[in-house]
Amino acid sequence: MVIYVLAIILIAFAFDFINGFHDSANAIATIVGTRVLSPIAAVIWAATFNFAAVFLGSTAVAKAVSSGFVVQEIVTPSVILAGLLGAITWNLITWYWGIPSSSSHALIGGFAGAAVGKAGFGALLWGSKWIQTLTAIVVSPMLGMAIGFALMVLVFNLFQKVTPRRVDQVFRPGQLLSSAAMSIAHGSNDAQKTIGIIVGLLVASKARFAGHTGFGSFLYVESADHIPAWVKLCAFTCISLGTLFGGWRIVHTMGSRITKLRPVSGFCAETGAAIVILSASSFGIPVSTTHTITGSIVGVGATNRLSAVRWGIARRIVWAWVLTIPAAATISAVMYLILARLIAE
């Protein structure tokens, strides 16, 4: 069983890597779309600031994921594994089709679906974290859109007598800062979700590691309030490496197909999204970086005219948002039923 737990931890870190790979577009699509940085330079930039988020110190999102959605007594290694496999499967499906769906909601949906597969809907904690997360599906892109729109209007008024070329010269370096902020926001929220899943696994398995010395002692976690340093460092490293490899299909969708971007609009979109995500992280709400940056991009595009936004692409993205939690949950429930037949716990 120790080997089983270790294997699940490795799969969780693989999900974290895929999360970075899948969501790299969130931080770099605008900066690539505006040609401020080349794709290679952009992913290195984003990966660096993804990892820098480990030093922010907040673990509110991790604690919410580990203990805020599913009844702790229901959680077993197989529930965690099934949740991860469902989330990974959905992420790969949406990555293949170039759809910027939410890795966050895939993981939460997968975790919930696996728990329901084991014990029915009574396995879910119908409390504040579900309300906050489901509300954020709607609110976070709207806030991103509103803040992005407001920032663009502010910039238009401040720079109305400045030539477009001069505006670009000002905001090209500014977009480096906004992209860095977006990458920190991405790391601060998304890496914590994997941390929460691993901590949930270790708490569920604590009886197996109680009293262990040496290596086994690193796997003993008494409660979700205690997060080992090695879990944090590994999670932030994996999501940063995933970002480094990038998700070029989704970069194309986010960076050019929703609306045409310039450095000034890229700056406003990234800044608006970073404000929303960092605020959510401070309250322990696992918000979707994909939803938020998409809303911000739509908001800045709408300041030109509504027809500047390719609403057909945006509509396709919204459908992916709606489907992610139930789709990942369904896949994970099936995965759990298969694992339950193969592995006795």
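The values are calculated or read from the model by the stated rules, or taken from the named source; none is laboratory data. Quick caveat, the model's predicted, so the values are computed rather than measured. Methodologically, a virtual Cβ is constructed for each residue, glycine included, from the backbone with ideal geometry; neighbour enumeration extends over all protein chains shown.
Things to note:
- Of the residues Ala181, Ala146, Ala185, Ala207, the single one that is out of contact with any Lys or Arg (no Cβ under 8 Å at 6 or more places or on another chain), within 30 Å of Leu6 (Cβ to Cβ) and either among the small types (Gly, Ala, Ser) or in contact (Cβ under 8 Å) with a residue 60 or more places away in the chain (or both) is Ala207.
- Ser101 outside any helix (DSSP H, G or I), touching a helix residue (DSSP H, G or I) at 6+ places or on another chain (Cβ under 7 Å) and touching a residue at least 60 places away in the same chain (Cβ under 8 Å): yes
- The residue list Asp168, Asp225, Asp190 contains one member that is touching a residue at least 40 places away in the same chain (Cβ under 8 Å) and more than 30 Å from Ser102 (Cα to Cα), which is Asp168.
- When Ser67 is tested against (1) closer than 26 Å to Ala210 by Cα; (2) among the small types (Gly, Ala, Ser); (3) at pLDDT 90 or above, exactly one condition is not met: (3).
- Candidates Val203, Val167: the one that is modelled with pLDDT of 90 or more, of a type outside the set (Lys, Arg) and over 18 Å from the mean Cα position of the chain (by Cα) is Val203.
- Residues of the range 158-182 classified as among the polar types (S, T, N, Q) and in a helix (DSSP H, G or I), total: 4
This table checks each residue for (1) at pLDDT 90 or above; (2) under 21 Å from Gly284 (Cα atoms); (3) surrounded by fewer than 23 Cβ atoms within 10 Å (Cβ to Cβ).
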{"position": "Thr30", "(1), (2), (3)": "no, no, no"}
{"position": "Gly33", "(1), (2), (3)": "no, no, no"}
{"position": "Ala41", "(1), (2), (3)": "no, no, yes"}
{"position": "Ala47", "(1), (2), (3)": "no, no, no"}
{"position": "Asn50", "(1), (2), (3)": "no, yes, no"}
{"position": "Val61", "(1), (2), (3)": "yes, yes, no"}
{"position": "Val71", "(1), (2), (3)": "yes, yes, yes"}
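- Set Arg305, Arg315, Arg341: member being at pLDDT 90 or above and either farther than 27 Å from Ile195 by Cα or in contact with a Pro (Cβ under 9 Å, 6 or more places away or on another chain) (or both): Arg341
- Unique residue being in contact (Cβ under 8 Å) with a residue 40 or more places away in the chain, surrounded by 18 or more Cβ atoms within 10 Å (Cβ to Cβ) and of a type outside the set (Phe, Trp, Tyr) when the list is Leu107, Leu125: Leu107
- Count of the range 131-152 residues, restricted to those that are over 15 Å from the mean Cα position of the chain (by Cα) and closer than 24 Å to Phe13 by Cα, is 0.
- Check on Arg172, at pLDDT below 90, over 19 Å from Trp90 (Cβ atoms), among the basic types (Lys, Arg) and crowded, with 18+ Cβ neighbours inside 10 Å: yes
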